[in-house]
Amino acid sequence: MIQETSQVMAENIQQLADSSVRIDGDRLWDSILELGRIGAYYDDHLKLEGVNRKSLTDDDKLGRDLVVSWMKAAGLDVQIDQMGNILGRREGLDAEAAPVMAASHIDTVATAGAFDGCLGVLGAIEVIRALNDTKLATRRPIVIAAFTEEEGVRFGTDMLGSAVAAGRVSLEHAYALTDDAGLRFGDELERIGYKGTKDVRLDPPHAYVECHIEQGPILAKAGLKLGVVTGVQGISWQKITFRGRAAHAGATPTELRIDAGLAAARLTCRLREMVDSGRYGQLRATVGHIATSPGLPSVVPDLTEMTIDMRTPDDNHMAQAEKDIQDFLEELKLQQPGLGVEALRMAKTNQVPFDESVQKAIAESAEELGLDYMYIRSGAGHDAQEIAAITPTAMIFIPGEYDGISHNPREYSTPEACTNGINALAVTMVKLANEE
Ligand code: HGY
Ligand code: MN
Ligand code: MN
């Protein structure tokens, strides 16, 4: 089938695609809104519609099915790999050449908008549609993809699908991960019908490029249209469990308490003190989840679970911060004899620099499109940081509204910003796909 396609293409094409390729911004916008309706919910707090489409849920399946249908309608040869990553291939004139890859993710956090990840997947499909519209071919094949469980909010490890595809995480480890209800990743993948047979290990593409919302305030503040992303900062996720002793809130003297809630509160404050101290450079620390048990007003908590998310561009600062947290956990045990402490590693990635030649291709595309840009490091994690381990990789950012807020229903980028980003993606993909 693939050979025929390239044969047909070779006979039909007038010429190679060039950097005059442009996407249909309305068609892109419509697909973003349509996918965003799957998993939509009304956020009472914000009085806004958000998106909750966590990986391998029924809504994720519906979103996947829609993306697969769009990929097939765009003439792509669609395959599902062992991690449920969805890959669509468009043949090039040289079917043997390593493809150019463009991808991202369509799973979301529980309080998401419609753009995080989805822009990059739907944008890549739109680039294929634009190439089809002009009947232009590229020298190299193009592979576009949606990676599984990029957010990591259901099974506890972010960039999971791309990490297995690039070889950093094993398939067995991924399959054995469980969600809060104890459901296994491998079983859930099977349940939604996306446990594919294609070998998950990616053959190294010629190059990889991903378009994504910035998820922060920098581009908008600078009044710029695009970001050429230079790399991603390091990420450390830990789950900390404190075990104390449940006791009566009124009758129990303070000196007899082993208060798991107090330990978690002290750790939360210590993290902010570390960030404010400046001793760890540009460290950012977040306690996103904290839950006490039994969670009753008149009972001293005997169990507290919390998560720590740390980010920094400097791997030495990260190592020092993790060590100092370890030492502080020992201190908390001394402060309350009998306190149990468990620290579980959920995710860990070092800072990743992106490839300068791919950055240059993106910058040239921005200039050709007349879009002013800046070089920017990513504050958020992305699939690109995993694929960077096996091929020259870089990213394109577009600005967001409302200080670029993300992982929140207020997440919003304008139709124009999305069109700019995906035009830059299109021009860059064509440049890279026509390289020898
Ligand atoms: O956590 C992150 O930075 C990404 O959204 N997965
Ligand atoms: Mn993302
Ligand atoms: Mn995200």
Which condition from (1) part of a loop (DSSP other than H, G, I, E, B); (2) among the hydrophobic types (A, V, I, L, M, F, W, C); (3) under 23 Å from ILE32 (Cα atoms) is the one that PHE155 breaks?
(3)
So which of THR349, THR419 is among the hydroxyl-bearing types (Ser, Thr, Tyr) and within 26 Å of VAL275 (Cα to Cα)?
THR349
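Taking the stated definitions as given, is GLU150 within 16 Å of ligand 1 (Cβ to nearest atom) and of a type in the set (D, E, K, R)?
For GLU150, the condition - within 16 Å of ligand 1 (Cβ to nearest atom) and of a type in the set (D, E, K, R) - is met.
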Open to solvent by less than 30 Å² (accessible area, probe 1.4 Å) and farther than 23 Å from GLY288 by Cα: does that describe MET395?
yes
Turns out the strands (runs of 3 or more DSSP E) fully within segment 293-404 with at least 3 residues that are basic (Lys, Arg) and either within 16 Å of ligand 1 (Cβ to nearest atom) or in contact with a Gly (Cβ under 9 Å, 6 or more places away or on another chain) (or both) are none
Restricting the first residue to segment 127-155 and requiring it to be among the hydroxyl-bearing types (Ser, Thr, Tyr), which pairs with a second residue that is surrounded by fewer than 24 Cβ atoms within 10 Å (Cβ to Cβ) and part of a strand (DSSP E or B) meet a Cβ separation below 8 Å and a spacing of at least six or different chains?
THR138/LEU16
Please identify the pairs in which a residue from segment 316-336 that is closer than 25 Å to GLY244 by Cβ has its Cβ atom under 9 Å from the Cβ atom of a residue that is modelled with pLDDT under 95 and part of a helix (DSSP H, G or I), counting only partners at least 6 apart or on another chain.
none
Can you tell me which residue is nearest to ILE405 (Cα to Cα) among those in segment 204-252 that are within 23 Å of the chain's Cα centre (by Cα) and of a type in the set (Phe, Trp, Tyr)?
TRP237
Taking ALA417, is it modelled with pLDDT of 95 or more, in the same structural domain as ASN52 (by TED's automatic domain parsing) and either more than 16 Å from ligand 3 (Cβ to nearest atom) or more than 17 Å from the chain's Cα centre (by Cα) (or both)?
yes
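The values are calculated or read from the model by the stated rules, or taken from the named source; none is laboratory data. Given the structure is predicted, the values throughout are model-derived calculations rather than measurements. Reconstructed Cβ throughout: ideal geometry from the backbone, glycine too, with neighbour counts over all protein chains shown. Surface areas here come from the heavy atoms of the whole protein model, side chains and all, with no ligands, DNA or RNA. Shrake-Rupley method; radii C 1.70, N 1.55, O 1.52, S 1.80 Å.
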